[in-house]
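Data block below; observations after.
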Amino acid sequence: LMFRRIAKRNEKSELLSDGGQLRWNWQFPQGGIDPGESEEETLFRELEEEIGTNDVTIIRVAEKRVRYYYPLKMLHILHKQPEWKPFRGQQQRWFLLQLNCDTEKINFSHQPIEFDAFQWISPRLGLKKVVPFKRKAYRKGLRYLGIL
């Protein structure tokens, strides 16, 4: 998931990236689909939960899903928690969105806190800031949306 700002600088799209307080890297908002929920319903729910607003317009939806797998070291840690045992990675549908409100509406005060910061960055810089095992998937997602 990502945002496209209304304004463009030097004809380059800018992306919103969230940094988690306990993370060393950044990522775009994302989340799992609840039973009975559509991908779009998940999108709006996750945005509200993670950044405090879902005031967005869907610009484009990637036709294909993107997958990534957790590194083995991470799997060993995750699999110690019963709720993570069935997971090896994630499959994502990428959306290009326009944020319709001012950035002042973005807040991280909801519980539990998942993110604590954001910034507008170029797609290429976003790839450099994301955790290395997600980079290939992020590159694919950005390409599927036609912005890389």
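The values are calculated or read from the model by the stated rules, or taken from the named source; none is laboratory data. Note that the structure is a prediction, hence the values are computed from the model and not measured. Positions of Cβ are backbone-derived with ideal geometry, glycine not excepted, and every protein chain shown enters the neighbour counts.
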Item checked: the range 41-57, residues that are without any contact (Cβ under 8 Å) to a residue 40 or more places away in the chain and either exposed (fewer than 13 other Cβ atoms within 10 Å of the Cβ) or among the β-branched types (Val, Ile, Thr) (or both) -> GLU41, THR42
Next item on the list: Confirm whether LEU125 is out of contact with any helix residue (DSSP H, G or I) (no Cβ under 8 Å at 6 or more places or on another chain), touching a residue at least 24 places away in the same chain (Cβ under 8 Å) and of a type in the set (A, V, I, L, M).
Entry: no
Item checked: Cβ-Cβ under 7 Å pairs, at least 6 apart or on other chains, the range 70-86 side in contact (Cβ under 8 Å) with a residue 12 or more places away in the chain, far side in a loop (DSSP other than H, G, I, E, B) -> TYR70/ARG88; LEU75/ARG88
Notebook entry, point to check: ARG67 versus (1) at pLDDT 90 or above; (2) surrounded by 16 or more Cβ atoms within 10 Å (Cβ to Cβ); (3) not acidic (Asp, Glu): which is the lone unmet condition?
Noted result: (2)
Next item on the list: Say whether the condition of being farther than 15 Å from ILE106 by Cβ, at pLDDT 85 or above, aliphatic (A, V, I, L, M) and in a loop (DSSP other than H, G, I, E, B) is met by at least one residue in the range 23-37.
Entry: yes
Check: Looking only at residues in the range 137-147 that are of a type outside the set (A, V, I, L, M, F, W, C) and within 14 Å of the chain's Cα centre (by Cα), which one is surrounded by the most Cβ atoms within 10 Å (Cβ to Cβ)?
Finding: GLY141
